[in-house]
1. Kindly provide the set of residues from the stretch 133-143 that are under 10 Å from Ala105 (Cα atoms) and not small (Gly, Ala, Ser), ordered by number.
2. Pull up the stretch 66-85, narrow it to residues that are at pLDDT below 90, in contact with a Ser or Thr (Cβ under 8 Å, 6 or more places away or on another chain) and not in a helix (DSSP H, G or I), then point me to the one that is nearest to Cys6 (Cα to Cα).
3. Give me the pairs, please: first residue somewhere in the stretch 1-27 and farther than 17 Å from Val81 by Cα, second residue anywhere and part of a strand (DSSP E or B) and hydrophobic (A, V, I, L, M, F, W, C), beta-carbon distance under 7 Å, and either six or more positions apart or on two chains.
4. Is it true that some residue in the stretch 37-48 is over 15 Å from the mean Cα position of the chain (by Cα), of a type in the set (A, V, I, L, M, F, W, C) and either assigned to a helix (DSSP H, G or I) or under 23 Å from Cys123 (Cα atoms) (or both)?
5. Looking at the stretch 1-35, which of its residues are part of a strand (DSSP E or B) and not hydrophobic (A, V, I, L, M, F, W, C)?
6. I'd like to verify a number: residues in the stretch 41-59 that are surrounded by 13 or more Cβ atoms within 10 Å (Cβ to Cβ) and within 17 Å of Glu111 (Cα to Cα), how many?
7. State yes or no: is Glu111 without any contact (Cβ under 8 Å) to a residue 40 or more places away in the chain and in a helix (DSSP H, G or I)?
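The values are calculated or read from the model by the stated rules, or taken from the named source; none is laboratory data. The structure displayed is predicted, hence computed values, not measured ones. Glycine also receives a Cβ, built like all others from the backbone with ideal geometry; neighbour counts cover every protein chain displayed.
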Amino acid sequence: MSQLLCKVNTVLVPRIRELTITKEILEEINVRWTGIHWKKFFLGKKEKAVQPAVLTGNYLEKNSLDSSIVAQLSNCGKLFVSQLLWLIKRQSRGQNGFLFTDSYANIMHIEIEEDEVDSDKKCILPVYALWDDQCGGWGVSASPKRVFCSWSAGVQFITCDT
């Protein structure tokens, strides 16, 4: 398989304290809209404290299915929504930085509980954030489980070095 992703930058994300994801936190960091799947899977959820991590931004070279991208990223460490929110906070007004602010998405694969009754089942969701010039803020969303996503060249996939 040819390389789909090209490393473009890195950032050190510090330790993040335990966090419950609330509307107030999203408002503080200028998240103006949330998709229905984001709300379902993340709003009101508590995340454990996260240790410092080096995150890498990877530019998608050509249109690709999510499954092909996940296969290329199989050696990457676990990512957390709180890390994405930390990145958004640093660029809350759309200023230049690690995240793309040119209307292209910044995508992370986040592990969630697939079944709230059986917490041993896990599922990986593509979660994304993009800067929206029209509303002057960030939008965050997630793709529903078991949906085969197709991504356009030019988006950034964020990974964690293990």
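1. Val140
2. Out of the qualifying residues, it is Leu73.
3. Qualifying pairs under 7 Å: Leu4/Leu60; Leu5/Leu60; Leu5/Phe157; Thr10/Val54; Thr10/Leu55.
4. So far as the stretch 37-48 goes, no, none of its residues is over 15 Å from the mean Cα position of the chain (by Cα), of a type in the set (A, V, I, L, M, F, W, C) and either assigned to a helix (DSSP H, G or I) or under 23 Å from Cys123 (Cα atoms) (or both).
5. Of everything in the stretch 1-35, those that are part of a strand (DSSP E or B) and not hydrophobic (A, V, I, L, M, F, W, C) turn out to be Lys7, Asn9, Thr10, Thr20, Arg32, Thr34.
6. So the answer is 8.
7. So Glu111 does not fit the description; no.
Listed here are the residues, each with its yes/no results for (1) acidic (Asp, Glu); (2) crowded, with 19+ Cβ neighbours inside 10 Å; (3) modelled with pLDDT of 85 or more.
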{"residue": "Leu87", "(1), (2), (3)": "no, yes, yes"}
{"residue": "Met108", "(1), (2), (3)": "no, yes, yes"}
{"residue": "Val117", "(1), (2), (3)": "no, no, no"}
{"residue": "Cys135", "(1), (2), (3)": "no, no, yes"}
{"residue": "Cys149", "(1), (2), (3)": "no, no, no"}
